[in-house]
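Down below is the structure, laid out as structure tokens.
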Amino acid sequence: MSPILFRCDASLQIGSGHVMRCRTLARELRRQGAEISFICRQQPGDFIELLRKEFQVLALPPLAAVASSSALEGRALYVAWLGCSQQQDAADCLAALEQAGINSPQWLVVDHYGLDASWEVALREGLGSEPPPQLLVIDDLADRRHSCDLLLDQNFFGAATQQRYRELVSPQCRQLLGPHYALLGPEYAQLHPLVPPRTYLRRVLVFFGGVDGQNLTGRTLEALLDPKFAHLAVDVVLGLQSPHFQSVENLVAQRPDTTLHGPQPSLAVLIARADLAIGAGGATTWERACLGLPSLVVAIAANQLPFAQCLDQAGHLQLLGVAGEISVTHLRQAFAQALEAPPVGSGHCLTDGWGTSRLASALLGLDHPIRLRLVAPGDEALLLRWANDPAVRASSFSTQPIQSEDHHSWFEAGLSNPERLQLVALDQSNCPIGQIRFDRVDGLAIIDISVDAAARGLGLAGDLISSGLAAMLQHWGSGSEALAEVLPKNRASQAVFVRAGFIPEPNPDPEAVSVVPPRRSMRFACVGGRARNSFKQCQ
């Protein structure tokens with residue numbers, strides 16, 4: 001397998017989130033057999049040595065200009081932290097790759113706010129390999145153009161989530177958008193279905209990042225020293241490199257039932273046992289959401305505020321404000337309100353923790369064979385997400401998004417409906433990647449399938465249909481009949497059903513361009529028995 005390269009911002013001020021999510025993805029890719037290398041610019045206090053504990057790192061030479069950006073904000077800050085022009089950075093990367101003997105990577109993964117389409121084009125052209133490497137961009141900002149094959153933005157912006165990059169990437173670029181694709185460690189997917197909803201408040205988790213340069217941890221502990229919160233157990237997580245570690249340690253010593261944790265390989269266990277979290281609005285947002293932990297959030301960087309506001313408005317967390325506005329009094333009031341009425345918003349429906357596996361499939365292909373399991377009560381949010389995928393809605397008979405209330409009623413009724421058979425497709429790591437449903441009407445089973453956006457183009461639909469038909473025959477008997485209805489414009493689905501053995505024929509009704517084939521016997525690759533396979537093309 002050709003190597004996969006990560007060009008990652010490893011700077012102390014901006015790059016910690018980039019490093020952690022790229023490391024999570026790199027670990028999964030390596031588990032599946034990929035050879036991983038990172039390319040990072042050396043800067044004071046960077047995370048290069050952390051990455052070197054696990055991966056090869058090609059370190060670009062340090063640049064003095066990087067240190068002069070403290071007064072900058074927004075795009076000017078991100079450009080300054082690149083340390084040079086994009087052309088110079090691309091040249092440095094190409095030189096480092098040549099020296100390392102890497103010239104034919106399979107994928108180039110870019111996670112750096114200072115880079116855009118000009119750098120991406122320069123890298124691919126400079127490598128000169130045939131075929132050229134495919135390029136994945138991981139972004140949050142949606143403030144510049146990209147020249148890439150795949151784009152990931154794991155953040156939530158409500159109804160605007162699917163629209164932010166429409167003018168910033170080519171129509172051929174596949175976009176994986178929203179926390180469904182959040183890059184979390186495998187322990188989050190394992191714990192997601194196991195953590196029960198919180199019903200009372202007895203333990204608080206405090207985590208504002210490993211450094212917490214603004215000492216929000218200290219302010220939070222001062223608020224929690226109030227006697228009215230004395231019954232609460234508190235877990236505090238702070239890195240040893242934090243400039244406020246000693247003062248935080250002193251505050252922890254003043255408060256009973258309070259534990260200070262140093263750097264953790266994962267926050268999953270602490271999140272799972274907490275009843276309320278207070279923390280920043282970065283990547284940990286998705287870890288807390290995956291395990292259903294109600295959260296009080298402070299935006300500690302400008303790029304955290306927009307999506308934190310959207311999450312607050314949607315009821316998935318409670319945004320207290322931006323770091324500079326948060327006082328001890330403000331925090332004390334927030335905890336008092338939480339005691340009176342524990343926050344119920346947790347974002348548990350936003351992500352199931354499988355985003356890393358889904359993205360790995362998009363890069364490396366599916367781990368076959370797939371297997372099917374029956375739909376479970378915990379699949380409600382997942383099925384709604386697949387049903388409301390923009391591509392799915394565009395090829396459906398009704399293009400309007402399905403409302404969560406309507407979907408809930410339909411889903412609940414289907415769990416006990418003997419005329420419905422609904423199955424979720426899993427890859428070899430148990431990651432949910434699609435669904436197939438059969439609804440029997442007058443003895444005829446109408447088929448509906450959905451494939452996760454990350455798994456499209458990987459040959460899943462055909463396997464899903466053949467495996468689903470086998471399950472249908474086993475469930476309802478060998479005399480069962482199946483019918484698929486597809487819009488005329490949906491050529492891709494028509495081709496999939498034809499390859500699966502479904503035969504289109506003209507409908508007697510000339511006004512409806514539809515087809516119903518004659519009864520016939522046939523044997524599928526994975527299915528035994530007799531079945532009528534009908535393909536109906538509907539206006």
Q) Hey, rough spin-label estimate for Leu63 and Arg420, points 7 angstrom out along Cα→Cβ, what's it come to in nanometres? A) 5.6
Q. Going from most exposed to least, what order do His348, His18 have by accessible area with a 1.4 Å probe?
A. His348, His18
Q. ³J(HN,Hα) across the stretch 281-297 via Karplus (A = 6.51, B = -1.76, C = 1.60, θ = phi - 60°), whole Hz, x for Gly/Pro?
A. x, x, 4, 5, 3, 7, 5, 5, 5, 4, 9, x, 8, x, 9, 9, 10
Q.
Sorted from largest to smallest, which semi-axis lengths in Å does the alpha carbon gyration tensor of the chain give for its equivalent ellipsoid, taking the root of 5 times each eigenvalue?
A. 44, 31, 19
(Q) Heavy atoms of the protein only, probe of 1.4 Å, neighbouring chains included. What is the accessible area of Arg75 in Å², nearest 10? (A) 80
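Out of all DSSP beta bridges with both ends in the stretch 428-509, state the antiparallel percent to the nearest 5.
Of the beta bridges lying entirely in the stretch 428-509, close to 65 percent run antiparallel.
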Q: Output the relative contact order of the chain, whole-number percent, from Cα pairs under 8 angstrom with separation of 6+ residues.
A: 9
(Q) Ignoring solvent entirely, what values of log10 I(q)/I(0) come out of the Debye formula for the stretch 262-316 at 0.14, 0.17, 0.21, 0.27 Å⁻¹ when each Cα is a single scatterer? (A) -0.36, -0.52, -0.77, -1.15
Q) Using the scaling law 2.2 N^0.38 Å as the reference, what is the normalised Cα Rg of the stretch 163-301? A) 1.19
Q | Alpha carbon convex hull of the stretch 102-167, volume per residue in cubic angstrom | A | 87
Q. How much length, in nm to one decimal, is gained on full extension between Gln428 and Ser2, taken as 0.36 nm per residue of separation minus their Cα-Cα distance?
A. 151.2 nm
Q: Round to the nearest 0.05 the FRET efficiency obtained for Val344 and Leu444 when R0 = 45 Å and r is the Cβ-Cβ distance.
A: 0.55
Q: Enter the accessible area of Tyr200 (Å², nearest 10), with the probe set to 1.4 Å and all protein chains included.
A: 120
Q.
Below 8 Å between Cα atoms, with a sequence gap of 6+, how large is the relative contact order for the stretch 56-194 in percent?
A. 17
Q. Over the Cα atoms of the stretch 275-384, how large are the radius of gyration and the largest Cα-Cα distance (Dmax), in Å?
A. 17.1, 57
Q. Lys228 label point, 7 Å along Cα→Cβ, cut-off 17 Å on backbone N: hits in the stretch 313-333?
A. 327-333
**Q.** Estimated 222 nm signal from helices in the chain, with DSSP H stretches of n ≥ 4 weighted -39500 (n - 2.57), rounded to 500
**A.** -9500 deg cm²/dmol
Q.
What number do you get for the stretch 409-482 when its Cα radius of gyration is normalised by 2.2 N^0.38 Å, N = residues?
A. 1.13
Q) What are the extents of the Cα atoms of the stretch 1-113 along their three principal axes, listed from largest to smallest and rounded to whole Å? A) 43, 26, 22
Q) In nm, what is the difference between 0.36 nm times the number of residues separating Ser85 and Ala336 and their Cα-Cα distance? A) 85.4 nm
Q | Leu194-Arg75 pseudo-label distance in nm [points 7 Å out on the Cα-to-Cβ vector] | A | 4.6
(Q) Return the Rg/Rh ratio of the stretch 65-136 with Cα-based radii and a Kirkwood Rh. (A) 1.03
Q. Which percent, nearest 5, of DSSP beta bridges in the chain are antiparallel?
A. 25
Q. Assuming R0 = 35 Å, what is the FRET efficiency of Ser266 and Glu49, from their Cβ-Cβ distance, to the nearest 0.05?
A. 0.95
Q: Once every Cα of the stretch 158-215 carries one equal point scatterer and solvent is ignored, give the base-10 log of I(q)/I(0) from the Debye formula at q = 0.26 Å⁻¹, two decimals.
A: -1.08
**Q.** Relative contact order %, the stretch 294-375, counting alpha carbon pairs below 8 Å whose residues are six or more apart
**A.** 30
Q: Return the sequence-ordered ³J(HN,Hα) values of the stretch 159-164 in whole Hz as given by the Karplus equation 6.51 cos²θ - 1.76 cosθ + 1.60 applied to θ = phi - 60°, using x for Gly and Pro.
A: 5, 7, 3, 7, 10, 5
Q: Extending each Cα 7 Å along its Cβ direction at Asp257 and Thr399, get the distance between those two points in nm, one decimal.
A: 5.7
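As an exercise, use a Förster radius of 30 Å and the Cβ-Cβ distance of Leu374 and Glu35 to find the FRET efficiency, rounded to the nearest 0.05.
0.20
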Q: Compare Lys489, Lys53 by solvent-accessible area with a 1.4 Å probe and give them largest first, with all protein chains kept in place.
A: Lys53, Lys489
Q. Roughly how much of Thr329 is accessible, in Å² to the nearest 10, using a 1.4 Å probe?
A. 70
Q | Contour minus Cα-Cα distance for Asp406 and Arg144 (0.36 nm per residue) | A | 90.6 nm
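With a ≥ b ≥ c the root eigenvalues of the C-alpha gyration tensor of the stretch 37-178, is it rounded (a/c under 1.5), prolate (a/b larger than b/c) or oblate?
Taking the square roots of the gyration eigenvalues as a ≥ b ≥ c, the stretch 37-178 is oblate.
The values are calculated or read from the model by the stated rules, or taken from the named source; none is laboratory data. Because the structure is a prediction, the values reported are computed rather than measured. Here Cβ is always computed from backbone atoms with ideal geometry, including for glycine, and neighbour counts include all displayed protein chains. The protein model used for the area step is the full one, side chains on, heavy atoms only, and it has no ligands, DNA or RNA in it. Shrake-Rupley method; radii C 1.70, N 1.55, O 1.52, S 1.80 Å.
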